[in-house]
Amino acid sequence: MQTQHFYLQDSRSLTGDNLQFWGTGGNGYYTDLAKLQIYTRDEAMAQHRMRETDIPWPMAYINAKAHIGVDHQHVDLAEAAICAASEALYYAAFPGEFNGNDLIFKSEDGKTADLRRATVFDEFYIRGLVAHGLRPLPMGYIKSKSRVLVSQKNVSIRIALRGTGIKLIKPKRPAPDRYNCVTCGRFVNADGWYGGCPNCGNVSAY
């Protein structure tokens, strides 16, 4: 039987609409699948039991749902201009538009953050797009800056875990804050503390 491997998502936040996973050695989290720690089923579940917001995803499932994005922080426009001198094909990016940190490119159906769906233009067509405010970026240069990501829109944890036998822990709801009214001593919630005790009417917050 082939051993299943997993990535661990830090489900507390996203980068744009991309999932974040724990990186190699557990040092920080990344959207780039090439930088992720790979866990066995037992390792992934042990971490999930320690912190229920760490979600195990089968590695094969995530890899199959991935797309290619380009972090604008890794793109140097001066460097791109130098590379453009030796390239004849371009992507067209929308200046100031991002999915998280990722560039948005012109595609056949409008816009995309997935480089695989971005339209490639030759020098003749790219000039017209520049006149309409788009930014030309040489294809080879941009591909060298790309990384593999996965969007929350393209995945389902229910489907991903089907047949694995894994049952996720439901996060506990935090208990509501309770206070003692400073006048009558009754327990009150935040509304009673700040807005007036329902028993005596005192506003304890002041």
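In this calculation the C-beta distance from Lys167 to His132 is compared with R0 = 35 Å, giving a FRET efficiency of 0.10. Binning all Cα-Cα separations of segment 40-190 at 10 Å, short to long from zero, yields these whole-percent fractions: 9, 27, 19, 16, 15, 8, 4, 1. Solvent-free Debye calculation, one equal scatterer per alpha-carbon of segment 1-120: log10 I(q)/I(0) at 0.10, 0.22, 0.23 Å⁻¹ equals -0.41, -1.20, -1.27. Rounded to whole numbers, the Karplus 3J(HN,Hα) couplings from phi for segment 123-134 are 4, 5, 6, 5, 4, x, 5, 4, 5, 9, x, 7 Hz, using 6.51 cos²θ - 1.76 cosθ + 1.60 with θ = phi - 60°, and x at Gly and Pro. Rg and Dmax of segment 69-145, based on Cα coordinates, read 11.1, 31 Å. Build a GNM of the chain with springs between Cα atoms under 10 Å apart, and of Arg158, Arg116, Arg41 the one that fluctuates most is Arg158.
Computed from the C-beta positions of Glu43 and Asn63, the FRET efficiency with R₀ = 25 Å rounds to 0.85.
Taking the chain as a Gaussian network of alpha-carbon nodes connected by springs under 10 Å, the highest mean-square fluctuation of the residues Val182, Val120, Val150 belongs to Val182.
Rounded to the nearest Hz, the phi-derived 3J(HN,Hα) couplings of segment 137-149 under the Karplus curve 6.51 cos²θ - 1.76 cosθ + 1.60 (θ = phi - 60°) are 10, x, 4, x, 5, 5, 4, 5, 9, 7, 8, 9, 10, where x marks glycine and proline. Cα extents for segment 43-106 along the principal axes, largest to smallest and rounded to whole angstrom: 53, 23, 20. Mean residue ellipticity at 222 nm, helices only, the chain: -6000 deg cm²/dmol; runs of at least 4 DSSP H residues each add -39,500 (n - 2.57), and the sum is divided by the number of residues. Listed cross-link partners Lys145/Lys167; Lys65/Lys106; Lys111/Lys170 are compared with a 27 Å cut-off, the Cα-Cα value being larger for Lys145/Lys167; Lys111/Lys170.
A short reminder: the numbers here are calculations on the coordinates, not readings from a lab. Because the structure is predicted, anything quoted here is derived from the model rather than measured. All Cβ positions, glycine included, derive from the backbone under ideal geometry; neighbour counts span all protein chains shown.
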